[in-house]
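Here is the structure we will look at.
Please treat every number below as a calculation from the coordinates, not as lab data. As the structure is a computational prediction, the values presented were derived from the model and not from experiment. Note: ideal-geometry Cβ built from the backbone for every residue, glycine included; neighbour counts use all protein chains shown.
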Amino acid sequence: MSYPNVKLSKENHVAVITIDHQPANALNQTTLKSLGEALDDLASDDQVKAVVLTGEGRFFIAGADIKEFTELDEQKAVAVSEVGQQLFNRMETFSKPIIAAINGACLGGGLELAMACHIRYAAPEAKMGLPELNLGIMPGYGGTQRLPLLVGRGKATELILTSQLIDGEEAFKIGLVDALFPVEQVVEEAKKLANKISEKSAISVKLSLDAIHHGLLHGVEAGYKQEAKLFGQVFTTEDRKEGVAAFIEKRKPNFTNR
């Protein structure tokens, strides 16, 4: 399937979203809209259990489309920021895990999008950063909030205020990405992870994602309460019965996502 600037493919239980807006896969408003429509498709497809997101060619996403910024006044800029934030918040709370396969330059809005994914794999040479201050602006799609959660307040502040770009090796060291692979393998490795996750009960995956996000958003005490609530919910499912029976019988479970 294809949307303007976005390609969507599905294989077994894994979907791959590819941003394809040449030459650098910039995130203009059309691309953001298409990404939202692709997520609509995946949300309603019970066969898809995990998602890989990458960029076409030698770029992941080089940033927002700066040409669009020339037309913004204060009110329009707030609206653009809110559109991006709402989409990336939706990704962060998506019921199926989204794995970013960072195959090249991942800058500005591109890094903000990658940080909204649940897991990030990257190539060692991939350049990452939030260079908005070089343009006299600032991150507007959630970068000032997600980067400190991933790398700590001090490092995030340094990276944002200096517009410093780092490679995948440094990103891995500071916790911005979760694993490194050669550029020609990073998408396939992300698919392998997605396939591994797709073997689990989709209900258990969804509820686990919910619990993780709830604690990060509301604090650990609220997270404990949400975890207990969801732990109770999972015990009402057929998958729980199947998983326990399979363990006792020493066989692979056959989850039906009920």
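Just so you know, the averaged projected area of the alpha carbon convex hull for region 119-173 sits at 3.8 nm². Considering only beta bridges that DSSP places wholly inside region 1-150, some 30 percent are antiparallel. Sorting 169-180, 10-21, 106-117 by their mean Cβ neighbour count within 10 Å, with the most densely packed peptide first, gives 106-117, 10-21, 169-180. For region 202-249, the fraction of C-alpha pairs farther apart than 12 angstrom is 62 percent.
What is region 71-141 by shape, rounded, prolate or oblate, if you read a ≥ b ≥ c off the alpha carbon gyration tensor as root eigenvalues and call it rounded for a/c under 1.5, prolate for a/b larger than b/c, and oblate otherwise? Oblate. The GNM of the chain, with springs linking C-alpha atoms under 10 angstrom apart, assigns the highest mean-square fluctuation among 83, 220, 205 to 220.
Using a ≥ b ≥ c from the Cα gyration tensor of region 140-258 (square roots of the eigenvalues), is it rounded, prolate or oblate, where a/c under 1.5 gives rounded and otherwise the larger of a/b and b/c decides, a/b for prolate? Cα axes put region 140-258 in the oblate bin.
Have a look at the DSSP beta bridges in the chain and tell me what percent are antiparallel, nearest 5. Please list the in-between numbers first.
Values: 9 of 29 bridges.
Percentage antiparallel, nearest 5: 30.
From most to least packed by mean Cβ count within 10 Å, the peptides 122-134, 152-164 give 122-134, 152-164. Each part reduced to its alpha carbon centroid, region 87-165 and region 7-25 end up 19 Å apart.
Amide H to amide H, with H built 1.01 Å from N, residue 64 comes under 5 Å of 27, 109, 110, counting only residues 5 or more places away or on other chains.
To the nearest 20 debye, what is the magnitude of the charge dipole of the chain about its Cα centre, counting +1 on the Cβ of each Lys and Arg and -1 on the Cβ of each Asp and Glu? Please list the in-between numbers first.
Working: 28 positive and 34 negative charges, 195 e Å.
Using only the charged Cβ atoms, the result is roughly 940 debye.
Taking amide hydrogens as placed 1.01 Å from N in the peptide plane, the amide H of residue 6 sits under 5 Å from those of 20, each at least 5 positions away in sequence or on another chain. Comparing mean-square fluctuations of 235, 247, 60 from a GNM of the chain with C-alpha springs under 10 Å, the top value falls on 247.
Which entries of 49/155; 10/33; 96/229; 7/192; 206/241 show an alpha-carbon separation above 24 angstrom in the structure shown? Please list the in-between numbers first.
On the way: 49/155 34 Å; 10/33 20 Å; 96/229 20 Å; 7/192 20 Å; 206/241 17 Å.
From 49/155; 10/33; 96/229; 7/192; 206/241, over 24 Å: 49/155.
Simple point charges give the picture: +1 on the Cβ of Lys and Arg, -1 on the Cβ of Asp and Glu, and for region 10-88 a dipole about the Cα centre of about 260 debye. Taking the charge dipole of the chain about its Cα centre, with +1 at Lys and Arg Cβ atoms and -1 at Asp and Glu Cβ atoms, the residue from 80, 48, 182 reaching farthest to the positive side is 48. Please report the spacing between the Cα centers of region 220-258 and region 173-215 in Å, no decimals. For region 220-258 versus region 173-215, the Cα centre distance is 19 Å.
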